[in-house]
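**Q** One structure follows; several queries about it will come next.
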Amino acid sequence: MFTLEEIKRSFLVSVWFVFLTFPIMVIRVDSIEKTVQWRWMNVFWVALGTFVLSFVFRYMMRRKEMKSSDEDEQGDATGRSFLHRWLADPKYRYIVFGSLLAIAIIFPHVFSTYQTSIMTTALMYVVLGLGLNIVVGLAGLLDLGYVAFYAVGAYTYALLHHFFGIGFWVALPAGGLLAALFGILLGIPVLRLRGDYLAIVTLGFGEIIRLVLENWGQFSQGPSGVSNIARPGFFGIEMSLDTALLYIFYLMVIFVIVTIFFVNRLQDSRLGRAWIALREDEIACQAMGIDKMRTKLAAFALGAFWAGIVGVIFAAKTTFISPRSFTFIESAIILSIVVLGGMGSIIGVIFGALILILLPEYLRALSEYRMLAFGAILVCMMVFRPQGIIGSIRRTYTYQNKKKPDTKVS
Amino acid sequence: MLKLENVQSGYGNILAVKGISLEVNKGEIITLIGANGAGKSTTLLTISGIVSCRAGRILLHDEEIHTLGTDEIVKRGICQVPEGRHIFPELTVQENLDMGAFMRNDTKQIKADLDYVFSLFPILEERKNQDGGTLSGGEQQMLAVSRALMAQPKLLLLDEPSMGLAPLIIKQIFEIIRKINEESNTTIFLVEQNANQALQIADRGYVIENGKITITGSAESLLNNQDVQKAYLGL
């Protein structure tokens, strides 16, 4: 294990890092007192730290290689994660779902309003992640402008309310449908594009929506945004701020459940299979008689629909929206949720959203290093678990010698 | 059943097929042979609608199909095995075959067809839970042919099934193509560079050169034709 070669390599890594971090870690220029401080001790710490980290990294890599060669011999039965096998058993599944639901119901009564509010945001990202998962995870269309649909939903409610006084419950489906329409609008010109080109066009689309909102003052009130948006109503009952937040939280819980149900059904449907096939090979897909155009547009529209709905809820929750809420970084976060959690995997996306949204909230003390940690996590993920935290397992259908085909989750 | 009348098609500025007329009768094995870049694959892609037809007509049972979309053409019973196999690499063998039956709803018949396909290629049954991408080249080709069969085609378009395969496996695959033709009365339109093998199982053949049909006739007459022998059979 600890061969001379490895020590040499780790040593070179640490030398390189010392060189890289030299300007920030060692030299400190005090511009007021006009002195330069040389913190030579930091060289030592950086060197030691990277040396150890490099060793750990190498060790993990080697373990991963050994593990994967083991798995090949054992076949695919053991390759499935513990969680998947657990969820496959209906008895456990109901227990898990039941307890999760119980936690969700009790949560706001145990924790403060602040915690509830954060949780609501996390749940919103769960739905956003599940929506993007349709486009990226299932249909394999890399969409970097997903936040545009979120913005469409949010502005639909904000503007309808501002100009016409239309309520939340009418705006909810309207926002979703309008976002779906925008999804189709984006989908039509990019039907022929794939991979990098698709990513660039969707990125551009996201920016266009944001810039329009920012600059079309009469329509969207420009950068100052729309304020005084009504919170969702409940049969016209007046609610205090706390109850309103509680109400939105429960609304969001119900909404997450509905989304999971629909996305799960969608994944196993004909359309879902067509998406997966389209992701794998377009020409073969066409040869099988799948209408490429309609399938792709359906992916864009359905993905956008969820974003639109969450947008409406977002507007209702914060009561104020401005174009600044819909920058590229939002798209990047939602995409990271999908990639980190596991493309095409519903449970994975839920975990990804909770981790990526809740961790930064609870680690506020380390907020300066958030991007650093984020980058490190993504790199490690790509090396050690490219399939995401919880990889996707498709339903398998086995024909047995009985009349009816037997369906089981595995 | 299938008739091409003066069909032209191509990519961008390049006209790859420059006015081809040919006819495929029900129950036949027809082969289209020619060198690289002669327009063989383009002809097939034009029939199945993936490349659009610029001029001329394509008729299936006297119905014009060149204006239809690919999915409509598949619905009418034309199924293509694309060149270079094009299986779904991350779907299992079973799922690949299920995708072949995408347009169908008759569960019972699909199951029967699955058994039939497994009887043609027993190796696929052994590997049915394996990812398509982990199969060997020959197995992938078998999977591609099987997948097309799952669509229950009336006309099967095969694009170079021998590409990149060992001679023994080529022989096996051609044997099965003939078997499919005989047993389920599927009309087969075979595009091949391996002229010798193709002509041995075919009823009739067309030779394509630079986007135009130059020689046509029964498979036997083509095998004995001196020009064909020199150019494509290496005799």
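The values are calculated or read from the model by the stated rules, or taken from the named source; none is laboratory data. In this text the structure is predicted, and so the values were computed from the model without any measurement. Please note: Cβ atoms are built from the backbone with ideal geometry, for glycine as well, and neighbour counts cover all protein chains shown. Protein only, heavy atoms only, side chains kept; ligands, DNA and RNA dropped before computing areas. Shrake-Rupley method; radii C 1.70, N 1.55, O 1.52, S 1.80 Å.
**Q** Taking the stated definitions as given, is residue B:61 open to solvent by 20 Å² or more (accessible area, probe 1.4 Å) and closer than 20 Å to residue B:204 by Cα?
**A** Judged against the criteria, residue B:61 is a match.
**Q** Still on this model: Being in a loop (DSSP other than H, G, I, E, B) and among the small types (Gly, Ala, Ser) is the filter; apply it to the stretch B:8-32 and report the residue that is surrounded by the fewest Cβ atoms within 10 Å (Cβ to Cβ). Reasoning before the result, please.
**A** Kept after step one, since they are in a loop (DSSP other than H, G, I, E, B), are these residues of the stretch B:8-32: B:12-13, B:25-28.
Narrowing the set further to residues that are among the small types (Gly, Ala, Ser) leaves B:12, B:27.
On the way: B:12: 5, B:27: 13.
Here the answer is B:12.
**Q** Still on this structure: Would you pick out the residues in the stretch A:249-271 that are within 14 Å of chain B (Cβ to nearest Cβ) and modelled with pLDDT of 90 or more? Show your work before the answer.
**A** Pass one, the stretch A:249-271, residues within 14 Å of chain B (Cβ to nearest Cβ): A:267-271.
Across the stretch A:249-271, the qualifying residue is only A:271.
**Q** Counting only residues that are touching a Phe, Trp or Tyr at 6+ places or on another chain (Cβ under 7 Å) and assigned to a helix (DSSP H, G or I), how many does the stretch A:14-50 have? Before you say what the answer is, go through the steps one by one.
**A** Taking the stretch A:14-50 and keeping what is touching a Phe, Trp or Tyr at 6+ places or on another chain (Cβ under 7 Å), we get A:14, A:26-27, A:46, A:50.
Those left that are additionally assigned to a helix (DSSP H, G or I): A:14, A:46, A:50.
Result for the stretch A:14-50: 3.
**Q** May I pose another question? Taking residue B:198, is it within 14 Å of chain A (Cβ to nearest Cβ), among the small types (Gly, Ala, Ser) and either buried (at least 17 other Cβ atoms within 10 Å of the Cβ) or outside any helix (DSSP H, G or I) (or both)? If you could, list the steps in order and put the result at the bottom.
**A** Numbers: within 14 Å of chain A (Cβ to nearest Cβ): no; among the small types (Gly, Ala, Ser): yes; either buried (at least 17 other Cβ atoms within 10 Å of the Cβ) or outside any helix (DSSP H, G or I) (or both): yes.
No; evaluated as a whole, the condition is false for this residue.
**Q** Next up: Please tell me if residue A:204 is in contact with a helix residue (DSSP H, G or I) (Cβ under 6 Å, 6 or more places away or on another chain) and in the same structural domain as residue A:345 (by TED's automatic domain parsing).
**A** Numbers: in contact with a helix residue (DSSP H, G or I) (Cβ under 6 Å, 6 or more places away or on another chain): no; in the same structural domain as residue A:345 (by TED's automatic domain parsing): yes.
It is false that residue A:204 is in contact with a helix residue (DSSP H, G or I) (Cβ under 6 Å, 6 or more places away or on another chain) and in the same structural domain as residue A:345 (by TED's automatic domain parsing).
**Q** Another question, then. Going residue by residue through the stretch A:164-178, is there one that turns out to be open to solvent by 60 Å² or more (accessible area, probe 1.4 Å), of a type in the set (A, V, I, L, M, F, W, C), out of contact with any helix residue (DSSP H, G or I) (no Cβ under 8 Å at 6 or more places or on another chain) and closer than 26 Å to residue A:199 by Cβ? Write out each step before concluding.
**A** First pass over the stretch A:164-178, keeping only residues open to solvent by 60 Å² or more (accessible area, probe 1.4 Å): A:164, A:169-170, A:173, A:177-178.
Keeping just the survivors that are of a type in the set (A, V, I, L, M, F, W, C) gives A:164, A:169-170, A:177-178.
From what is left, the residues that are out of contact with any helix residue (DSSP H, G or I) (no Cβ under 8 Å at 6 or more places or on another chain) are A:164, A:169.
Among the residues that remain, those that are also closer than 26 Å to residue A:199 by Cβ are: none.
Taking every residue of the stretch A:164-178 in turn, none turns out to be open to solvent by 60 Å² or more (accessible area, probe 1.4 Å), of a type in the set (A, V, I, L, M, F, W, C), out of contact with any helix residue (DSSP H, G or I) (no Cβ under 8 Å at 6 or more places or on another chain) and closer than 26 Å to residue A:199 by Cβ.
**Q** Quick test for you: out of A:53, A:83, pick the one residue that is within 26 Å of residue A:342 (Cα to Cα) and at pLDDT 85 or above. Walk me through it before giving the result.
**A** On the way: A:83 fails: at pLDDT 85 or above.
Going through A:53, A:83 in turn, just one is within 26 Å of residue A:342 (Cα to Cα) and at pLDDT 85 or above: A:53.
**Q** Just checking, does the stretch A:126-146 include any residue being out of contact with any Asp or Glu (no Cβ under 6 Å at 6 or more places or on another chain), assigned by TED's automatic domain parsing to the domain that holds residue A:249, surrounded by 16 or more Cβ atoms within 10 Å (Cβ to Cβ) and more than 30 Å from residue A:291 (Cβ to Cβ)?
**A** Scanning the stretch A:126-146, I find at least one residue that is out of contact with any Asp or Glu (no Cβ under 6 Å at 6 or more places or on another chain), assigned by TED's automatic domain parsing to the domain that holds residue A:249, surrounded by 16 or more Cβ atoms within 10 Å (Cβ to Cβ) and more than 30 Å from residue A:291 (Cβ to Cβ), so the answer is yes.
**Q** Moving to a separate point now. Any residue at all in the stretch A:365-380 that's out of contact with any Lys or Arg (no Cβ under 6 Å at 6 or more places or on another chain) and surrounded by 19 or more Cβ atoms within 10 Å (Cβ to Cβ)? Break it down stepwise before answering.
**A** Just the residues of the stretch A:365-380 that are out of contact with any Lys or Arg (no Cβ under 6 Å at 6 or more places or on another chain), to begin with: A:365-380.
With the extra rule that they be surrounded by 19 or more Cβ atoms within 10 Å (Cβ to Cβ), the set shrinks to none.
So far as the stretch A:365-380 goes, no, none of its residues is out of contact with any Lys or Arg (no Cβ under 6 Å at 6 or more places or on another chain) and surrounded by 19 or more Cβ atoms within 10 Å (Cβ to Cβ).
**Q** While we're here: If I ask for residues that are outside the structural domain of residue B:35 (by TED's automatic domain parsing) and farther than 24 Å from residue B:46 by Cβ, which ones from the stretch B:141-179 would you list?
**A** Within the stretch B:141-179, B:142, B:143, B:146 qualify.
**Q** Still on this model: Quick test of your reading of the structure: residue A:239 fulfils all but one of (1) free of Cβ contacts under 8 Å to residues at least 60 places away in the same chain; (2) part of a helix (DSSP H, G or I); (3) touching a Leu at 6+ places or on another chain (Cβ under 9 Å). Name the failing condition by number.
**A** Residue A:239 satisfies every listed condition except (2).
**Q** Which one of B:58, B:29 is within 21 Å of residue B:193 (Cα to Cα), more than 11 Å from chain A (Cβ to nearest Cβ) and modelled with pLDDT of 90 or more?
**A** Working: B:58 fails: within 21 Å of residue B:193 (Cα to Cα).
Every option except B:29 fails the conditions.
**Q** Can you pull out the residues in the stretch A:256-294 that are of a type in the set (S, T, N, Q) and touching a Pro at 6+ places or on another chain (Cβ under 9 Å)? Even if it seems obvious, please write down each step before you answer.
**A** Applying the first criterion (of a type in the set (S, T, N, Q)) to the stretch A:256-294 yields A:259, A:264, A:267, A:269, A:286.
Correct list: A:286 only.
**Q** Determine if the stretch B:208-226 includes at least one residue that is of a type in the set (Ser, Thr, Tyr) and under 13 Å from the mean Cα position of the chain (by Cα).
**A** In the first step, residues of the stretch B:208-226 are kept if they are of a type in the set (Ser, Thr, Tyr); the result is B:214, B:216, B:218, B:221.
Within this subset, residues satisfying the condition of being under 13 Å from the mean Cα position of the chain (by Cα) are none.
No.
**Q** Answer yes or no: is there a residue in the stretch B:63-73 that is within 7 Å of another protein chain (Cβ to nearest Cβ) and in contact (Cβ under 8 Å) with a residue 40 or more places away in the chain. Before the answer, list the steps.
**A** Of the residues in the stretch B:63-73, the ones within 7 Å of another protein chain (Cβ to nearest Cβ) are B:69-71.
Now drop any that are not in contact (Cβ under 8 Å) with a residue 40 or more places away in the chain, which leaves none.
Among the residues of the stretch B:63-73, not one is within 7 Å of another protein chain (Cβ to nearest Cβ) and in contact (Cβ under 8 Å) with a residue 40 or more places away in the chain, which makes the answer no.
**Q** Same structure again: Any residue at all in the stretch A:181-200 that's on the phi > 0 side of the Ramachandran plot and in the same structural domain as residue A:128 (by TED's automatic domain parsing)? If you could, list the steps in order and put the result at the bottom.
**A** Pass one, the stretch A:181-200, residues on the phi > 0 side of the Ramachandran plot: A:195.
So of that shortlist, the ones also in the same structural domain as residue A:128 (by TED's automatic domain parsing) come out as A:195.
Checking the stretch A:181-200: at least one residue is on the phi > 0 side of the Ramachandran plot and in the same structural domain as residue A:128 (by TED's automatic domain parsing).
**Q** Within the set of pairs 6 or more residues apart or between chains, which connect a residue that is closer than 14 Å to residue A:298 by Cβ inside the stretch A:257-271 to a residue that is of a type in the set (Lys, Arg) and open to solvent by less than 50 Å² (accessible area, probe 1.4 Å) with Cβ atoms less than 8 Å apart?
**A** none
Rundown of residues vs (1) within 14 Å of another protein chain (Cβ to nearest Cβ); (2) within 23 Å of residue A:258 (Cα to Cα), yes/no style:
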residue: A:287; (1), (2): yes, no
residue: A:292; (1), (2): yes, no
residue: A:302; (1), (2): no, yes
residue: A:305; (1), (2): no, yes
residue: A:308; (1), (2): no, yes
residue: A:312; (1), (2): no, yes
residue: A:322; (1), (2): no, no
residue: A:343; (1), (2): yes, yes
residue: A:354; (1), (2): no, yes
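**Q** Mind checking which pairs have a first residue in the stretch B:213-235 that is more than 11 Å from residue B:195 (Cβ to Cβ) and a second that is among the aromatic types (Phe, Trp, Tyr), Cβ under 6 Å, 6 or more apart or different chains?
**A** Listed pairs, sorted by first residue: B:213/B:206; B:216/B:206.
**Q** Restricting to the stretch A:1-46, name every residue that is farther than 29 Å from residue A:59 by Cα, surrounded by fewer than 10 Cβ atoms within 10 Å (Cβ to Cβ) and among the charged types (D, E, K, R).
**A** A:30, A:33, A:34
**Q** In the stretch A:335-344, which residues are in contact with a Gly (Cβ under 6 Å, 6 or more places away or on another chain) and under 16 Å from residue A:303 (Cα atoms)? Step through it out loud before you land on a result.
**A** We begin by selecting, within the stretch A:335-344, every residue in contact with a Gly (Cβ under 6 Å, 6 or more places away or on another chain); these are A:337-338, A:340-344.
Those that are in contact with a Gly (Cβ under 6 Å, 6 or more places away or on another chain) and under 16 Å from residue A:303 (Cα atoms): A:337, A:338, A:343, A:344.
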